[in-house]
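*Asks:* Structure incoming, see below.
What follows is calculated from the coordinates using simple rules that are stated; it is not laboratory data. Computed from a predicted structure; not experimentally measured. Every residue, glycine as well, gets a Cβ built from its backbone with ideal geometry; the counts of neighbours run over all protein chains shown.
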C-alpha cells in the first residue's frame, strides 16, 4: 500500500510573496510579470493572508467606490483569513476543503514559515496527471 500524498509532496515551493504595505499596483505588476494568480501576503515577514487576482479586479471595479488604484495598498484588498495548512496535511483533505470553501489556493506552512502554495491550477494539473497514470511531480 502506498502512502497518501501530502500537500508538501505537490505544492509549489517558494511562492512569490507581497508585503501588506505594498502598493496594489506593485502587487498587480508582480502577478502579471510572474504569471501567478495568488500572492501570499506578509507583515514584517510573517504570513497574514493572500491576495488573488480576483481581489485585485474587484477592488478596481468603479462600482465599489474604492479609492483609485494608486491610493490602494495590498492590505486594503487582501484576504486575511486565508486557508493555511501544514505541509504534512493530506492532499485529499486539502482539495476537498478548497472545493467546499470555493477558494483558489491553500498556503502551506512548516511551523510559522511559509513554504509553498497549492492553487486550483495546480490541482487541475495533478488531476490530469492522475488521469494519464503519471506520478505527480
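*Asks:* With just the Cα atoms defining each centre, how far is the range 70-137 from the range 26-60? Give it in Å.
*Replies:* 14
*Asks:* Now for a different question. Can you divide the C-alpha Rg of the range 10-72 by 2.2 N^0.38 Å and report the result to two decimal places?
*Replies:* Details: Rg = 12.1 Å, N = 63, 2.2 N^0.38 = 10.6 Å.
My calculation over the Cα atoms of the range 10-72 gives 1.14.
*Asks:* Can I ask one more? Give the percent of DSSP beta bridges with both residues in the chain that are antiparallel, rounded to the nearest 5.
*Replies:* The answer is about 75 percent antiparallel.
*Asks:* What relative contact order, as a whole-number percentage, does the range 48-100 give when Cα pairs under 8 Å and 6 or more residues apart are counted?
*Replies:* The normalised contact order for the range 48-100 reaches 44 percent.
*Asks:* Now, a different point. How high is the relative contact order of the range 7-132? Use alpha-carbon pairs under 8 Å, at least six apart in sequence, and give a whole percent.
*Replies:* On the way: 191 pairs, mean separation 38.1, N = 126.
Averaging sequence separation for qualifying contacts and normalising by length gives 30 percent for the range 7-132.
*Asks:* Which FRET efficiency value, to the nearest 0.05, do you get for residue 84 and residue 43 by plugging their Cβ-Cβ distance into 1/(1 + (r/R0)^6) with R0 = 22 Å?
*Replies:* 0.95
*Asks:* I'd like the FRET efficiency for residue 5 and residue 30, computed as 1/(1 + (r/R0)^6) with the beta carbon distance as r and R0 of 22 Å, rounded to 0.05.
*Replies:* So, using R0 = 22 Å, E works out to roughly 0.15.
*Asks:* If you work out Rg and Dmax of the Cα atoms in Å from the coordinates, which of (1) 13.3, 36; (2) 16.8, 55; (3) 15.9, 56 do you get?
*Replies:* For Rg and Dmax of the Cα atoms in Å, the calculated option is (3).
*Asks:* Same structure, new question: Determine the gain in length on full extension of the stretch residue 128-residue 70; use 0.36 nm per residue of separation and subtract their C-alpha separation, reporting nm with one decimal.
*Replies:* Values: separation 58, 0.36 × 58 = 20.88 nm, distance 4.00 nm.
My answer for the length gained is 16.9 nm.
*Asks:* Compute the relative contact order of the range 82-137 as a whole-number percentage, counting only Cα pairs closer than 8 Å that sit 6 or more residues apart in sequence.
*Replies:* With pairs under 8 Å counted, the relative contact order is 28 percent.
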